[in-house]
Amino acid sequence: MAVKKRRKRVFTSPIPFSWQTSQFREQVSVGSSLYTDMLKVPDHQVAGHKAGNGKLGPLVDNSGRFYKPLQGDERGSNEVSFYASFSSDTRIPVHIRRFFPNFYGTQLVEASDGSGLQPHLVLQNLTLGQVNPSIMDIKIGSRTWPPQATEDYIHKCLKKDRQSTSIPLGFRFSGLQIYESKESGFWKPEKRSIKCLSADEVKLILRKFVSSHVSEKMDLKPDCTFASVVYGGSAGILAQLLELKAWFEDQTIYHFYSCSVLMTYEKELISYGKSPYAEIKLVDFAHVVEGKGVIDHNFLGGLCSLIKFISEILTMPDECTTESSSEDFQKNRISEGGTP
Ligand SMILES: O=P(O)(O)O[C@@H]1[C@@H](OP(=O)(O)O)[C@H](OP(=O)(O)O)[C@H](O)[C@H](OP(=O)(O)O)[C@H]1OP(=O)(O)O
Ligand SMILES: Nc1ncnc2c1ncn2[C@@H]1O[C@H](COP(=O)(O)OP(=O)(O)O)[C@@H](O)[C@H]1O
């Protein structure tokens, strides 16, 4: 039986900044000729607003696109403006573009909360084709609000920055899932249990990410078995972070407040002798502002701090990290999915 595909209407959002470009308008019109398959809730979203249970959140199609609903306030239009500006800015080197999701304009699609057609950013689905990806969403920067934010918003963010590792370490986990095995599945700790960690607990999680086991029950220290293939090597995560850092040492075009580094890899591929496709991408540009000729020291500082943690895992893979001591962390070791 032929599947009837419905044509989606195109949304043209008002772009508040000077960043709106003719290329963006072209991308929107390309979007208008697209047909999208049935949309569904993503299998591997680790942070942010999630669809399901009548809530508004991102959706994916079968052809590799990720539909992120535009938040009704200036955050939605700001993120569209960023993508529009970034995708047409000839100052961005090609090797840096690969760290950002491809942008395909905006479209009106049926929202996940049942509210009807709503504007969505159409992005590259970063987990397309991945079966059991291990993923960490790491929000970079000790400060997560942009300069023009309201007092209320600053207060809300500052509270989270203070309670989490953002202020002491310059980054925090927003969400993560680590694949262990067919039997035990993923370790996907609750959001609140990964927000208030000590530096040692952060080290532990970064080690677990590249270890063969993540199960707490076994009471084993992370073995960092996959550190060299995931974090190390000329194309590994550390090399990618260093490449990104080199750009941040120079670029003064944007300031990336509250933006995350998303790290992914496929553990199972390693056992087949294949590359685990370890990569980093930047996500969430709702609070990006113009850099006005000034280095983004907030993002750069957080990135350097993360790089230091990962470098140490490579240079000292056997170093003993103390097991988690935080009570909240201990209590929430059971994954959302019931494993391990
Ligand atoms: O809704 P909340 O309270 O979970 O807060 C969201 C944050 O979740 P958190 O509680 O910090 O883990 C959320 O953080 P994550 O991306 O999940 O780390 C965002 O900061 C989101 O704000 P925005 O869309 O980036 O402006 C935040 O959304 P808003 O509340 O600002 O809409
Ligand atoms: N382009 C993408 N492809 C696949 N997954 C994505 C993409 N962008 C974001 N995600 C997933 O969604 C989560 C939240 O994204 P984000 O843009 O930060 O949303 P929010 O603004 O709601 O915080 C990320 O942690 C990641 O798991």
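Is one or more of the residues making up region 247-263 of a type in the set (D, E) and buried (at least 16 other Cβ atoms within 10 Å of the Cβ)? Break it down stepwise before answering.
Taking region 247-263 as the starting set, the residues that turn out to be of a type in the set (D, E) are 249-250.
Within this subset, residues satisfying the condition of being buried (at least 16 other Cβ atoms within 10 Å of the Cβ) are none.
Within region 247-263, not a single residue is of a type in the set (D, E) and buried (at least 16 other Cβ atoms within 10 Å of the Cβ).
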Legend entry - Test: residue in region 76-83 that is in a loop (DSSP other than H, G, I, E, B) and either under 23 Å from Y254 (Cα atoms) or modelled with pLDDT under 95 (or both): no
Inset, instruction - Within region 170-209, track down each residue that is out of contact with any strand residue (DSSP E or B) (no Cβ under 7 Å at 6 or more places or on another chain) and of a type in the set (S, T, Y). - result: S181, S184, S193, S198
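Given the structure, is T150 within 15 Å of ligand 2 (Cβ to nearest atom) and not charged (D, E, K, R)?
Working: within 15 Å of ligand 2 (Cβ to nearest atom): no; not charged (D, E, K, R): yes.
Considered against the rule, which asks whether it is within 15 Å of ligand 2 (Cβ to nearest atom) and not charged (D, E, K, R), T150 comes out as no.
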Inset, instruction - May I ask you to say which residue of S198, S142, S184 is in contact with a helix residue (DSSP H, G or I) (Cβ under 6 Å, 6 or more places away or on another chain) and either surrounded by fewer than 21 Cβ atoms within 10 Å (Cβ to Cβ) or within 30 Å of D73 (Cα to Cα) (or both)? - result: S142
Inset, instruction - Answer yes if at least one residue in region 33-45 is crowded, with 19+ Cβ neighbours inside 10 Å and at pLDDT below 95, and no otherwise. - result: yes
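If you take the residues of region 43-52 that are within 11 Å of ligand 1 (Cβ to nearest atom) and out of contact with any Gly (no Cβ under 6 Å at 6 or more places or on another chain), which of them is farthest from S115 (Cα to Cα)?
As a first pass, look at region 43-52 and keep what is within 11 Å of ligand 1 (Cβ to nearest atom): 45-50.
Keeping just the survivors that are out of contact with any Gly (no Cβ under 6 Å at 6 or more places or on another chain) gives 45, 48.
Details: Q45: 21, G48: 19 Å.
Residue satisfying both the conditions and the ranking: Q45.
Tally the residues that are acidic (D, E) and in a helix (DSSP H, G or I), restricting the search to region 168-202. I'd like the intermediate steps shown before the answer.
Kept after step one, since they are acidic (D, E), are these residues of region 168-202: 180, 183, 190, 200-201.
Filter once more, keeping what is in a helix (DSSP H, G or I): 200-201.
Selection size over region 168-202: 2.
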Legend entry - Residues within region 96-133 that are surrounded by fewer than 19 Cβ atoms within 10 Å (Cβ to Cβ), over 25 Å from V261 (Cα atoms) and touching a strand residue (DSSP E or B) at 6+ places or on another chain (Cβ under 8 Å), tallied: 5
Inset, instruction - Count, please, the residues in region 132-185 that happen to be touching a Ser or Thr at 6+ places or on another chain (Cβ under 6 Å) and more than 12 Å from ligand 1 (Cβ to nearest atom). - result: 10
Inset, instruction - Being more than 16 Å from ligand 2 (Cβ to nearest atom) and not small (G, A, S) is the filter; apply it to region 272-288 and report the residue that is farthest from the chain's Cα centre (by Cα). - result: Y272
Legend entry - Neighbours by Cβ (under 9 Å, 6+ apart or cross-chain): first from region 276-299, on the phi > 0 side of the Ramachandran plot and within 14 Å of ligand 1 (Cβ to nearest atom); second modelled with pLDDT of 95 or more and outside any strand (DSSP E or B): D284/A47; D284/G48; D284/E79; D284/S258; D284/C259
Inset, instruction - Check region 185-194 and report whether any residue there is of a type in the set (V, I, T) and more than 15 Å from ligand 2 (Cβ to nearest atom). - result: no
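In the list Q124, Q107, which residue meets the criterion of being modelled with pLDDT of 95 or more and more than 14 Å from ligand 2 (Cβ to nearest atom)? Full working, then the answer.
Details: Q124 fails: more than 14 Å from ligand 2 (Cβ to nearest atom).
None of the other options fit; the residue is Q107.
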Legend entry - So K55, is it surrounded by fewer than 20 Cβ atoms within 10 Å (Cβ to Cβ), at pLDDT 95 or above, within 16 Å of ligand 1 (Cβ to nearest atom) and among the basic types (K, R): yes
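The values are calculated or read from the model by the stated rules, or taken from the named source; none is laboratory data. If you're wondering where the values come from, they're calculated on a predicted model, not measured in any experiment. All Cβ positions, glycine included, derive from the backbone under ideal geometry; neighbour counts span all protein chains shown.
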